[in-house]
Amino acid sequence: MGGGHGFFAGPSSFQANAQAGLPYAEVPEELRSRIADVLRNEPEHPQPVVQFSHCDWDRRPFGLRTFLAPHAGGLIVAFLLVLAEVGLLHVGPLLTQIGIDRGVLAGDRSVLFAVALAYLGAVGLSTAASWFRTRFTGRLGERLVYELRVRVFSHFQRQSLDFFTVEKSGVLMTRMTSDIEALTVLMQEGLVNFFVQGMTLVVITGYLVFLDPTLALVCLLAVVPINIVLTMWFRRVSLIGYLRVRDRIADVLANLSESLAGIRVITAFNRRDHEMARHQRIIDAHLDANLYTGRTQALFGPGTESIGILTQAIVLLVGGRMALRGEVSLGELTAFLLFLTSFFAPVQTLVQLYNQYQQGSAAVVKLRELLAREPSVPEHSDAIELPPIRGAICLEGVTFGYDPDHLVLRDVDLELAPGEVLAVVGPTGAGKSTIAKLITRFYDPTFGNVTIDGHDLRDVTIDSLRGQLGVVPQEPFLFNGTIRDNVAFARPDAAEDEVLEACRAVGLQGLMDRMPDGMDTQIHERGTSLSAGERQLVALARAFLARPRVLVLDEATSSLDLLSESVIEQALDSLLEGQTAILIAHRLATAMRADRIAVVDDGRIVEHGTHDELVALGGQYADMVDTWLRHADHLPTDR
Ligand code: ADP
């Protein structure tokens, strides 16, 4: 297949370029072999195999325990490695004690030599265990984060449209980026480090008790109770703080994404300073939330640290007196004090890790809320595949409100025979687009049913339904990529001439002739580099190529120049040929193309019939035509 398919270009496209001789252009001869080396080692990323279901997914509440459970084996391996690493690392002070008492003080060189050798061996083994463990847990952590990203993204894909209306895109972006990143740190190092430090603490406590139970008891009594109280306090206040931080980051990103999307309006209305003030207020709140957590950390961290220093002073005092009385040897006291230093190092690390854990917990809470959301338009587990449809659409007694207290459609009955084109007209806000959204099952009716060929939309799988519908939305959305990518969006496997034919059929040829690279011209994000009319043509070409059985077209309301309008009208003609279609018409010229017309007013169908019948009826439609004729000095000549 020709051309750069921007949507699917993975890192392997780099290798394709290499084969085409591209990377060597203007590269000095002597560097080429090095480039070849790099390219050889580039990982290949095959097209991922996606397992996505609208109805079956892991519905257990999201939490660290359920999330980590499938990786229990890996975690046990990591735990054993940690055990070996910590045990080996901390025989040092013990060997020092033996070295001093039985080597130096007893004047035995061979013991000293043996001890030094053992020390070296222990350090070597511990380093090896540490290397292996870091590699292993690093991979495991990355794997977990990857799974989480896929899970959150699939959950977004599964949600119904109301979810995206209610949730700000910036907030969703925060869940996918900042929240997951807060967990990344925890999963990559945090959890295992928690083990490492916890085990270190247990091992050292063991050593301390082994060295001198009395001194060990003194230490534990000085450290444990105060630390428990401090930790319980920190647990409570920091979770509140970190949850607030997560919310404030979401606000920052939501505001950022909104002002980026609306930058044209902001500029046009000269509201840049106002936007800056608004954003500043939001980052002020973010700063406040961070300062609060900073204050709690400032109490917790140094608080536990000073307890450690105090304990060392106590041990020096108590241990020193015991040494003077000959109850402990000098070697034992030295080893004890050395151990004590390494006792407080993990305590400090645990304190920092606990802080990290609390940040992660706040992210878990947010992700749990998100992952618990059920789509409002669910697919039932016993939903059937919708067989190839003929296109008989029926709305029976449909009542619907986006908010159940405010009905937008009331008791709507509508029927459409296969191959028929029905136009829906009416004042703005009457509920026309809402009818289109119910037929495409973006929403389910509150009462009544929508059926296609007698199948209630709620009983069929979402993919089999949408696969047979073509939707041209009011505001066509174009993706970053080439014109070709955008036209072939619904059928990326379409052959070159099919894409060309679709472009020609809707009259995109003119645009492509004007564009520097024809179909391979890059379109900016959201199609901002194209005019409104051109965007609509691309959307029509997309629908033409998809060849749906039923077409739902929500006409763009943006006014176009007369030339673009006539191009689009011709495009519509070729698109509608022999097609079952619902046109949400905002212009009467479009409505008149339909076989039948339904007039919607205030959520009800008030008139229904052909153009001629409705004009003869002399009702609302006839009034609209009348007004239009008086205002418009151009009438399409094809009717
Ligand atoms: P139109 O006839 O202009 O196509 P719509 O069907 O788009 O009208 O809208 C009908 C009513 O529903 C309007 O009052 C509109 O404000 C409201 N509405 C449309 N979309 C939503 C939504 N996503 N959430 C809440 N209300 C909506």
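Only one residue in 458, 410 is surrounded by fewer than 21 Cβ atoms within 10 Å (Cβ to Cβ), away from the ligand (no atom under 16 Å from the Cβ) and basic (Lys, Arg), so which one is that?
458
Would it be correct to say that residue 252 is touching a residue at least 12 places away in the same chain (Cβ under 8 Å) and in contact with a His (Cβ under 6 Å, 6 or more places away or on another chain)? Here the answer is yes, as residue 252 does meet what is asked.
Based on this model, can you work out whether residue 164 counts as within 16 Å of the ligand (Cβ to nearest atom) and at pLDDT 85 or above? Here the answer is yes, as residue 164 does meet what is asked. Restricting the stretch 266-275 to residues that are assigned to a helix (DSSP H, G or I) and loosely packed, with under 11 Cβ neighbours inside 10 Å leaves a set whose member that is modelled with the highest pLDDT is 273. If you go through the stretch 161-201 and keep only what is of a type in the set (Gly, Ala, Ser), surrounded by fewer than 19 Cβ atoms within 10 Å (Cβ to Cβ) and over 13 Å from residue 366 (Cβ atoms), you end up with 169, 198. Restricting the stretch 391-407 to residues that are of a type outside the set (Asp, Glu) and loosely packed, with under 14 Cβ neighbours inside 10 Å leaves a set whose member that is nearest to the ligand (Cβ to nearest atom) is 406. Restricting attention to the stretch 357-377, the residues that are open to solvent by 50 Å² or more (accessible area, probe 1.4 Å) and of a type outside the set (A, V, I, L, M) total 7.
Okay, residues lined up against (1) touching a strand residue (DSSP E or B) at 6+ places or on another chain (Cβ under 6 Å); (2) modelled with pLDDT under 85; (3) within 15 Å of the ligand (Cβ to nearest atom):
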{"position": "547", "(1), (2), (3)": "no, yes, no"}
{"position": "563", "(1), (2), (3)": "no, yes, no"}
{"position": "569", "(1), (2), (3)": "no, yes, no"}
{"position": "572", "(1), (2), (3)": "no, yes, no"}
{"position": "587", "(1), (2), (3)": "no, yes, yes"}
{"position": "591", "(1), (2), (3)": "yes, no, yes"}
{"position": "597", "(1), (2), (3)": "yes, no, yes"}
{"position": "601", "(1), (2), (3)": "no, no, yes"}
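Taken over the stretch 609-632, the criterion of being within 16 Å of the ligand (Cβ to nearest atom) and either closer than 22 Å to residue 417 by Cβ or exposed (fewer than 14 other Cβ atoms within 10 Å of the Cβ) (or both) is satisfied by 621 alone.
Taking interchain pairs and intrachain pairs at least six residues apart, which have beta carbon atoms under 7 angstrom, with the first residue in the stretch 424-443 and over 20 Å from residue 392 (Cβ atoms) and the second more than 7 Å from the ligand (Cβ to nearest atom) and of a type in the set (D, E, K, R)? Pairs that qualify, where the first residue is over 20 Å from residue 392 (Cβ atoms) and the partner is more than 7 Å from the ligand (Cβ to nearest atom) and of a type in the set (D, E, K, R), are 426/601; 427/601; 430/601; 430/602; 433/554; 443/437. So, in the stretch 92-132, exactly how many residues are open to solvent by 50 Å² or more (accessible area, probe 1.4 Å), in a helix (DSSP H, G or I) and not aliphatic (A, V, I, L, M)? Result for the stretch 92-132: 8. Within the stretch 495-508, if we keep just the residues that are among the hydrophobic types (A, V, I, L, M, F, W, C) and under 15 Å from residue 520 (Cβ atoms), the residue that is surrounded by the fewest Cβ atoms within 10 Å (Cβ to Cβ) turns out to be 500. The condition of being at pLDDT 90 or above and over 30 Å from the mean Cα position of the chain (by Cα) holds for only one of 390, 410, that being 410. The residue list 345, 285 contains one member that is at pLDDT 85 or above and either among the hydroxyl-bearing types (Ser, Thr, Tyr) or open to solvent by less than 90 Å² (accessible area, probe 1.4 Å) (or both), which is 285.
The set of residues in the stretch 597-629 being over 48 Å from the mean Cα position of the chain (by Cα) and on the phi > 0 side of the Ramachandran plot consists of 618 alone.
Tell me yes or no: at least one residue of the stretch 420-429 is of a type in the set (Val, Ile, Thr), open to solvent by less than 40 Å² (accessible area, probe 1.4 Å) and not in a strand (DSSP E or B). So far as the stretch 420-429 goes, no, none of its residues is of a type in the set (Val, Ile, Thr), open to solvent by less than 40 Å² (accessible area, probe 1.4 Å) and not in a strand (DSSP E or B).
Within the stretch 91-100, one or more residues are over 27 Å from the mean Cα position of the chain (by Cα), among the small types (Gly, Ala, Ser) and modelled with pLDDT under 85.
Return the residues of the stretch 306-327 that are outside any helix (DSSP H, G or I) and surrounded by 13 or more Cβ atoms within 10 Å (Cβ to Cβ); say none if nothing qualifies.
The one that is outside any helix (DSSP H, G or I) and surrounded by 13 or more Cβ atoms within 10 Å (Cβ to Cβ): 327.
Of all the numbered requirements in (1) of a type in the set (Val, Ile, Thr); (2) over 23 Å from residue 366 (Cα atoms); (3) touching a Lys or Arg at 6+ places or on another chain (Cβ under 7 Å), residue 104 misses one, and that requirement is (3). Taking the stated definitions as given, is residue 541 in contact with a Phe, Trp or Tyr (Cβ under 8 Å, 6 or more places away or on another chain) and either of a type in the set (Gly, Ala, Ser) or within 14 Å of residue 576 (Cα to Cα) (or both)? It is false that residue 541 is in contact with a Phe, Trp or Tyr (Cβ under 8 Å, 6 or more places away or on another chain) and either of a type in the set (Gly, Ala, Ser) or within 14 Å of residue 576 (Cα to Cα) (or both).
Here is the figure for the stretch 293-305: residues that are open to solvent by less than 50 Å² (accessible area, probe 1.4 Å), more than 11 Å from residue 348 (Cα to Cα) and not small (Gly, Ala, Ser) total 2.
Taking the stretch 425-449 as the range and being more than 8 Å from the ligand (Cβ to nearest atom) and over 32 Å from the mean Cα position of the chain (by Cα) as the test, the residues that pass are 425, 447, 448, 449.
The values are calculated or read from the model by the stated rules, or taken from the named source; none is laboratory data. For clarity, every value in this text was computed on a predicted model and none was experimentally measured. Positions of Cβ are generated from backbone atoms using ideal geometry, with glycine treated the same way; all protein chains shown enter the neighbour counts. Just so you know, the surface numbers come from the protein's heavy atoms only, side chains and all, with ligands and any DNA or RNA stripped out. Shrake-Rupley method; radii C 1.70, N 1.55, O 1.52, S 1.80 Å.
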